[in-house]
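To start, the structure itself, in structure tokens.
Only the coordinates and a few stated rules stand behind these numbers; no lab work does. Only a predicted model underlies this, so the values are computations on that prediction, with no experimental measurement involved. Quick reminder, even Gly has a Cβ in these numbers, built from the backbone with ideal geometry, and neighbours come from all protein chains shown.
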């Protein structure tokens, strides 16, 4: 998630580690450094890139990585993120910038792909697992859908000083950036995606679209478990690859009751 590279994805996936902050329901390619000229800004989009990092450097708020794909070696730049040589990565939506000169690096590149984000699996996570995780996390073409379940929420009451899921959505603009507490049931659990666990929580409150809250945590749980959750509420979190959450609690403290 703040990365995550989820968290992930490997967020998808993964966990995808992915990668943390920005939001909207569709993927967008970030603005490249101002030093790009008009011709480069008009470059055509390129396909998704994934592979192993051979080289990396940071400058002017951007991280550059040389990625070895199945067929080639390509340079990718994205808003600064944590990565090291050997890490498998999946690159978000990209824009190809040919004949690019970086003033801050004082270096010429035949081609650089400027990306909306990069999910980092870590050297201990195979790239195929990263892809699988990203697929698991990215529901409905980049906008995760609430999980539809038939579950009994009778008797589920908020903890002292806590809120219900529907109330959190209704008051999200006021609550964003603050710690929230809630009691809910796990309706979906996806372990070890982007080196964290992903939980969908519901408590019977809210309407469709505002009744399912996503949480990441080191704690494991299973569907049907009642959990007490405490953590920082965040809006518009972008894990790259076009997968964004309007509302999420990352790195939450979760207690299975």
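Remark: C-alpha extents of segment 165-256 on the principal axes read 31, 29, 23 Å, sorted largest to smallest.
What is the fewest-to-most order of 203, 173 by other Cβ atoms lying within 10 Å of their Cβ? Before the final figure, lay out the partial values.
On the way: 203 25, 173 7.
Ascending number of Cβ neighbours within 10 Å: 173, 203.
Give me the distance between the Cα centres of segment 206-224 and segment 75-105, rounded to whole Å. One Cα centre to the other: 33 Å. Using only the alpha-carbon atoms of segment 177-221 as identical scatterers, what base-10 log of I(q)/I(0) does the Debye formula give at q = 0.17, 0.24, 0.32, 0.33 Å⁻¹? For the requested q values the scattering log ratios are -0.51, -0.90, -1.16, -1.18.
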